[in-house]
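Down below is the structure, laid out as structure tokens.
The values are calculated or read from the model by the stated rules, or taken from the named source; none is laboratory data. If you're wondering where the values come from, they're calculated on a predicted model, not measured in any experiment. Here the Cβ is made from the backbone with ideal geometry for all residues, glycine too, and neighbour counts use every protein chain on show. What goes into the accessible areas is simple: the full protein's heavy atoms, side chains included, and nothing from ligands, DNA or RNA. Shrake-Rupley method; radii C 1.70, N 1.55, O 1.52, S 1.80 Å.
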Amino acid sequence: MKKIVEVLPDKEALIKRSLELVLSKLNAAIGSNGRATIALAGGGTPKPLYEALATQNLPWDKIHVFWGDERYVPADHPDSNQGMARSAWLDKIDIPAANIHPMPTTGTSPAADVQKHEAELQDFFGTPTGTFPAFDIILLGIGDDAHTASLFPHTDALQVQDRLVTVGNKDGQPRITFTAPLINQAHCVMFLVAGSSKRPALAQIFAPAADAMIYPSRLIQPQGELWWLLDHSAGQELSNQ
Ligand code: 6PG
């Protein structure tokens, strides 16, 4: 793993830097494999990045978009991560519908939708059951409680080692989420973190030792690059790392 921590002066600079990195990683993947795969985060922080991506001239037919987690609501629900990314970005570009791979949320149950999505991922990447595909980029955020994707403190999802996707649990509400082993297979994981409310969580995530069941973002140790892009309010105490 190659870990890079950058503390940017403000949120605008954080978004600008994330755009630059995402563009370069997408182009590099297309250059070497003919296609690029990116998994998106929910939450408010990446929305301006998605809006900026909507203005870029990229070979969209070579880019495949996934989500690292999803709230268990239909795509037109205000809480939908898919809905947010579509309105900020994907509805504004000329990308083939087949290149958008949302997590299903309208099946018979979260567990059934998890199985369906896992089969879709294995099929897309051509990876046999029991092996984990490697995304080119996985975007993540953290919550004030140090969760990432829908890997919440003290939930069963944190223990899952043998699945790509599982059911997350946010205060009793089901979510669908990538598992830590799937995220850790990525070529590049990029956390975008802004605001002073994230400081206590970051201190525990960056501490030499702390319990990953309490601070789930500690589970993220990808085989490729791990980027932490922080604005000054979030990262001022970490600028020396
Ligand atoms: C979600 C997310 C989640 C998010 C963090 C940060 O669907 O809720 O994927 O993990 O990234 O909660 O959210 P903010 O960017 O709004 O702080």
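Placing R0 at 41 angstrom, the Cβ-Cβ distance between SER109 and GLU51 gives a FRET efficiency of 0.75 after rounding to 0.05. Placing +1 on the Cβ of every Lys and Arg and -1 on the Cβ of every Asp and Glu, with nothing else charged, gives segment 126-241 a dipole about its Cα centre of roughly 80 debye. For the chain, carbon and sulfur atoms together expose 48% of the accessible surface, with a 1.4 angstrom probe and every protein chain in place. Compared with the alpha-carbon gap, the fully stretched path from ILE100 to SER197 is longer by 31.7 nm at 0.36 nm per residue. Of the residues ASN169, THR45, ALA98, the one whose Cα sits farthest towards the positive end of the charge dipole of the chain is THR45 (charges of +1 on Lys and Arg Cβ, -1 on Asp and Glu Cβ, taken about the Cα centre). At full extension, ILE4 and GLN173 could sit 57.5 nm farther apart than now, given 0.36 nm per residue minus the alpha carbon distance. Take every Cα pair under 8 Å whose residues are at least 6 apart in sequence, average their separation, divide by the length of the chain, and the relative contact order is 25 percent. In sequence order, segment 178-192 has phi-based couplings of 4, 8, 4, x, 5, 4, 6, 7, 5, 6, 8, 10, 10, 8, 10 Hz under the Karplus curve 6.51 cos²θ - 1.76 cosθ + 1.60, θ = phi - 60°, and Gly or Pro positions carry x. What's the FRET efficiency of HIS232 with GLU20 using the Cβ-Cβ distance as r and R₀ = 25 Å, to the nearest 0.05? Step by step, r from the Cβ atoms, then E = 0.90.
Label-to-label distance for LEU58 and ASP144 is 3.2 nm, based on points extended 7 Å past Cα in the beta-carbon direction. Label positions at ALA119 and MET213, each projected 7 Å from the Cα along the C-beta direction, are separated by 3.4 nm. Database remark: amide H of ALA39 closer than 5 angstrom to the amide H of PHE66, ILE137, ILE138, LEU139 (H placed geometrically; neighbours at sequence offset of 5 or more, or on other chains; Pro and chain starts carry no H). For the chain, the share of DSSP beta bridges that are antiparallel, to the nearest 5, is 30%. Leaving out ligands and nucleic acids, note down the accessible area per residue over the chain with a 1.4 angstrom probe, in whole Å². Normalised by residue count, the accessible surface of the chain is 43 Å². Let's test the formula: R0 of 25 Å, r as the Cβ-Cβ distance of HIS77 and HIS154. What FRET efficiency results, to the nearest 0.05? After rounding, the FRET efficiency stands at 0.40.
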